[in-house]
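Notes for the one structure printed next.
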Amino acid sequence: MFVDEFYFHSKRGLAQWESIGHPLDSLTVLAGFIYLLTTSPSPSHLTVYICISLFSCVFITKDEWVHQKYCGPAENWLHAILFVLHPLVFLCAGLLWWQHGKTYLQVQTMVVAVFMVYQLLRWNISWQKQT
């Protein structure tokens with residue numbers, strides 16, 4: 001994700017929809033992690049978490065129509081790798097939650113939250129875009 005953000009996005013800039021959509025992608029991940037931190041492992045909570053995870057996995061593909069226009073082959077390949085990793089991140093987080101690994105989840109939640117705020121500020125504050 002950091003290569004995509006700090007290399008590809010910085011190199012080409014983001015279209016308006018991407019500048020809104022990418023923080024929303026992060027928000028879907030954040031929602032899943034916050035859910036894990038605020039619930040205890042149970043079959044019913046697991047079902048809700050799976051639904052949040054599936055929604056996020058589908059939601060992150062929304063920009064691919066835009067990416068076909070703006071991205072080169074290397075960035076599109078990286079996106080494919082990220083699409084494979086995305087559900088694995090949710091799987092690992094869910095396994096940690098089930099095993100009561102809250103410390104790791106707290107750190108990951110903070111990392112995702114900070115990254116989302118960075119995305120919002122970097123790509124959506126007008127003074128940042130002036131040359």
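Every read-out reported here was derived from the displayed coordinates using simple, explicitly stated rules and does not represent laboratory data. The shown structure was predicted, so the numbers you read here are calculated from the model rather than taken from an experiment. Here Cβ is always computed from backbone atoms with ideal geometry, including for glycine, and neighbour counts include all displayed protein chains.
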Open item on the list: Given points 7 Å out from each Cα along the Cα-Cβ axis, report the S42 to V66 separation in nanometres with one decimal.
Closed with: 3.9
Open item on the list: Sort 3-12, 32-41 by the packing proxy (mean of other Cβ within 10 Å over each peptide's residues), most packed first.
Closed with: 32-41, 3-12
Task: Full-extension gain in nm, C51 to I125, via 0.36 nm per residue minus C-alpha separation - done: 23.4 nm
TODO: Answer with one residue from M110, L85, L30: the one whose Cα lies farthest towards the positive end of the charge dipole of the chain, charges on Cβ with Lys, Arg +1 and Asp, Glu -1.
DONE: M110
Open item on the list: Run the helix sum for the chain: -39,500 (n - 2.57) per DSSP H stretch of 4+ residues, divided by residue count, reported at 222 nm to the nearest 500 deg cm²/dmol.
Closed with: -25500 deg cm²/dmol
Task: Potential extension, D4-V117 segment - 0.36 nm per residue separation minus Cα distance - done: 39.0 nm
Open item on the list: Quick check: the distance between the Cα centres of the range 15-73 and the range 94-108, to the nearest angstrom?
Closed with: 18
Task: Cα centre as origin, Lys/Arg/Asp/Glu Cβ charges: the range 1-128 dipole, Debye - done: 120
Task: Folded to 0 to 90 degrees: helix 73-98 orientation relative to the chain principal axis, Cα - done: 20
